[in-house]
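Below is one structure, written out as structure tokens; the observations come after it.
The values are calculated or read from the model by the stated rules, or taken from the named source; none is laboratory data. Remember, it's a predicted structure, so these values are computed and weren't measured experimentally. Backbone-built Cβ (ideal geometry, glycine too); neighbour counts: all protein chains shown. Calculation scope for accessible area: heavy atoms of the full protein, side chains included, ligands and nucleic acids excluded. Shrake-Rupley method; radii C 1.70, N 1.55, O 1.52, S 1.80 Å.
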Amino acid sequence: MSRTTKVADVTVALDHWIGGERVGSASTFDDVSPVDGRVIARIARGGPGEADAAVAAARAAFPEWAAKPPAERAALLHRVADLVEQRLEQLAIVETVDNGALLRSHLRSVMPRVAHNFRFFADYLVNDLHHPNFETRGHRNHVSWDPSGVAVLITPWNAPLMLATWKVAPALAAGCSVVLKPAEWSPLTASMLADITAEAGMPAGVFNVVQGLGEEVGPALTSNPDVARISFTGSVQTARLIAASAAANLTPCSFELGGKSPFIAFADADLDAAVANAVEQYDNAGQVCLATTRLLVEESVHDEFVARFVDRTNALRQGDPRHAATDIGPQITDEHLRRIEGFVQRATVDGAKVVIGGGRNSELGGLFYRPTLITDVAPGSEILTEEVFGPVLTLQTFADEDEAVAMANGTDFGLAAVLFTGDPQRARRVSAQLVAGTVWVNCFFVRDLRAPFGGSRHSGVGREGGTWSFDFYCDVKNTCTNVDRWTR
Ligand code: ADP
């Protein structure tokens, strides 16, 4: 009998999903809700045995799945999307209770995008993937995209199902079979997705979920010689471990990692729009890899920018993420919250000034850290170079474009940048000099799945989205034929 529990009245399976069956482990780990600190589920605690079994199941299911006509694979992914849409509210509430992000966002944008991820890659497979032919001196080149094999997908807790399906959808569309390892802090919606794939008619073993602690189950997945691809979103430190573990088999890895992204506001920008956008960097309690947490503001508008920023931030409502009026929810764990506190304390010891926030929200208790703005930060200090992953922004000023670019590029990361200016030529000039996988000009977080997404430097290896995801999960092959030799 497989184990389940009720989370916000939704039944969720607690065991792994391997080869089309629920499989338990000898022990479990506690899944704690950041909303109220309660243990909401005791999840199967996988290890090397379960990791090996999942890869074996995926390996066995691969040939048949890879050989399926693209239209059939696409139809199945559309059925998964239909079921995600039917269960949108259930997925949204479980995700909120599990990771503390706003129910409002899950309902309005996140879960619809989960369904869209499946639809996009199903359509891409059928409509956009062309197999070009070209000839040179009687030799025809035919390029094909062959499914590469078993894809191991390792995902973080801050946007669990959304980020998982960015990987799952293209991998399945490409004809790979999948082993998904969700983060131990928010494992529930991955388990729900397993049920959805089964209901959609996905053959056993094509999609598998292994639960467990990263360090216990991860290495067995990433070092397995039967794994063809590894896609990971998470921390730089873990990416290094995965790269080392994958090295023995030269398994290709795609990494989407952290950031310390700049937000640049020039004096010629629409200041209100810029400030509104800067405040959005507190979304998901700052637990967003893309957040542009270093505000760089042209000197002449500094005072006005800060005054408007403080007003808007003071109007944000912090509290229970299940309530529609809440703007900022809790941090994921007390340990993470203490890490954020440490960053801010050390910055102030070094002479930085806290303009607003700067500590726990004691009225609320629990895991709430106040949205914080820090100024007067010493150049090169930790708070300017390391990812805090909380609602903590720094603000510095610059005198001209060159200084803005130098400050923007002054970290080891290169994930994203936001640029506010009213001058299109300046936007082009500055954007061309920024080291970032994505530059948003006068906007933030707009994401078209056809566009590449990822980071440079320590922010990642490779890109996700459209053709970039698809190519990653395939072995691209060129067949060169001497057509003059055909005898019939
Ligand atoms: P964070 O983004 O929270 O700092 P991590 O990079 O530690 O987190 O975790 C992201 C994902 O990587 C999680 O699913 C976690 O379980 C997994 N993970 C952690 N350590 C390893 C490891 N050594 N090998 C493979 N996966 C790991």
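Positive-end ranking of Ser362, Trp440, Pro262 along the dipole of the range 262-441, with charges on Cβ about the Cα centre, is headed by Ser362.
Along its first, second and third principal axes, ordered by size, the range 284-377 spans 40, 30, 27 Å in Cα coordinates. Taken per residue, the accessible surface of the range 262-441 reaches 40 Å², heavy atoms only and a 1.4 Å probe.
Under 20 Å of direct C-alpha separation, and excluding same-chain neighbours fewer than eight residues apart, Lys68 reaches these lysines: Lys167, Lys477. In the context of the full set of protein chains, residues of the range 61-123 present 39 Å² of accessible surface per residue (probe radius 1.4 Å, heavy atoms only). For a paramagnetic label modelled on Asp448 (point 7 Å from Cα along Cα→Cβ), amide N atoms under 17 Å away belong, within the range 462-488, to 464-469.
Taking the Cα centre of the range 31-186 as reference, the dipole from Cβ charges on Lys and Arg (+1) and Asp and Glu (-1) amounts to some 140 debye. Each residue of the range 409-418 was assigned a 3J(HN,Hα) from its phi angle through the Karplus expression (A = 6.51, B = -1.76, C = 1.60, θ = phi - 60°), giving 8, x, 9, 7, 9, x, 8, 8, 8, 10 Hz with x at Gly and Pro. Here Lys353 is the anchor, and the lysines within straight C-alpha reach of less than 21 Å, apart from those fewer than 8 places off in the same chain, are Lys260. In order along the range 148-156, the Karplus-derived 3J(HN,Hα) couplings, from 6.51 cos²θ - 1.76 cosθ + 1.60 at θ = phi - 60°, round to 8, x, 8, 9, 9, 10, 10, 10, x Hz, and Gly and Pro are given as x. Summing charges over neighbours of Arg426, with a neighbour being any other residue whose Cβ is under 13 Å away from its Cβ, gives -4 when K and R count +1 and D and E count -1.
With a simple spin-label model that places each label point 7 Å from the Cα along the Cα-to-Cβ direction, the separation between Asp52 and Lys68 comes to 2.9 nm. If you look at the Cα atoms of the range 262-441, you get an Rg and a Dmax of 15.7, 48 Å. Per-residue 3J(HN,Hα) values for the range 263-268, derived from phi via the Karplus relation 6.51 cos²θ - 1.76 cosθ + 1.60 with θ = phi - 60°, read 10, 10, 10, 8, 5, 7 Hz in sequence order (x marks Gly and Pro).
For the chain, place one equal point scatterer on every Cα, skip the solvent, and apply the Debye formula. What is log10 of I(q)/I(0) at q = 0.13 Å⁻¹? After summing over all Cα pairs, the log10 values are -1.22.
Take every Cα pair under 8 Å whose residues are at least 6 apart in sequence, average their separation, divide by the length of the chain, and the relative contact order is 18 percent. For the range 414-453, the residues whose amide N sits under 11 Å from a probe point set 7 Å from the Cα of Glu401 along the beta carbon direction are 423-433.
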